[in-house]
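Working notes, structure below.
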């Protein structure tokens, strides 16, 4: 506590430093990510000298959001990262490093999936800041990817689906660009047996299909075909996928 007094320049600063100190101590005891830790992680990401350092910084940011953590802790961590512009930092890093490493792009997608799930307001920021184009460019930069290509592209699919949920029509329309629709279709067609790709793809088409100007594109791209295949394939084996395929088909049929 003496260190706090010595570093304070005014009563207001002293009070703020004390509050921050006790808040961080409480967070540590509860196993929560502290504001100091978040800022340090983001600083490492911004100051990364190469893509390897940037990837390690992203992994550190993602770790407290991993499924192994309790949901309340994940939400708290996501809110702290978002508060200190973690989304903006991640997008700038993606734009800078996306051509150099598929793993880096994958970790960025995973980080943004978690943050946009727990902090829905970040979806609008991602879209309005040009994030959609950066995501697509990152995917296309690794067309000749390694054998885990499914994990990479399905993470991009998952992020696009997140961005289409619970947003206004203007944002949905941005997420329903031709490039985005092509990516979602590619995942559904290449991996028809993968439950995650089929479910997220059907949710995506259900959401963007609510927009009038998107309906013509959906018919032009014949998105009904993979949806019908998902309906048939998962009719008995996965009721959740089948439910979303049914709902997506209803939207497609009405367009």
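General observations
- Residue check for residue 251: closer than 28 Å to residue 118 by Cα, not in a loop (DSSP other than H, G, I, E, B) and not assigned by TED's automatic domain parsing to the domain that holds residue 140: yes
- Taking first residues from the stretch 142-153 that are closer than 13 Å to residue 105 by Cα and outside the structural domain of residue 113 (by TED's automatic domain parsing) and partners that are modelled with pLDDT under 85 and in a loop (DSSP other than H, G, I, E, B), the Cβ contacts under 6 Å between residues at least 6 apart in sequence or on separate chains come to 152/145.
- Test for residue 189: is it buried (at least 21 other Cβ atoms within 10 Å of the Cβ) and free of Cβ contacts under 8 Å to residues at least 40 places away in the same chain: no
- Residue that is on the phi < 0 side of the Ramachandran plot, over 23 Å from the mean Cα position of the chain (by Cα), surrounded by 15 or more Cβ atoms within 10 Å (Cβ to Cβ) and modelled with pLDDT under 95, where the choices are 231, 217: 217
- Annotation: of all residues in the stretch 234-243 being crowded, with 18+ Cβ neighbours inside 10 Å and without any contact (Cβ under 8 Å) to a residue 40 or more places away in the chain, the one that is nearest to the chain's Cα centre (by Cα) is 242.
- Listed by first and then second residue, the pairs linking a residue in the stretch 50-77 that is not assigned by TED's automatic domain parsing to the domain that holds residue 96 to a residue that is crowded, with 18+ Cβ neighbours inside 10 Å, with Cβ atoms under 6 Å apart and 6 or more places separating them unless they lie on different chains, form an empty list.
- Residues located in the stretch 105-131, provided they are farther than 23 Å from residue 194 by Cβ, outside any loop (DSSP other than H, G, I, E, B) and touching a helix residue (DSSP H, G or I) at 6+ places or on another chain (Cβ under 7 Å): 115, 118, 122, 123, 124, 125, 126, 127, 131
- Odd one out for residue 246, checked against (1) in contact with a helix residue (DSSP H, G or I) (Cβ under 6 Å, 6 or more places away or on another chain); (2) in a helix (DSSP H, G or I); (3) surrounded by fewer than 22 Cβ atoms within 10 Å (Cβ to Cβ): (1)
- Selection status of residue 198, under 20 Å from residue 225 (Cα atoms), more than 14 Å from the chain's Cα centre (by Cα), modelled with pLDDT under 95 and not assigned by TED's automatic domain parsing to the domain that holds residue 122: no
The values are calculated or read from the model by the stated rules, or taken from the named source; none is laboratory data. All of these numbers come straight from a predicted model, not from anything done at the bench. Glycine also receives a Cβ, built like all others from the backbone with ideal geometry; neighbour counts cover every protein chain displayed.
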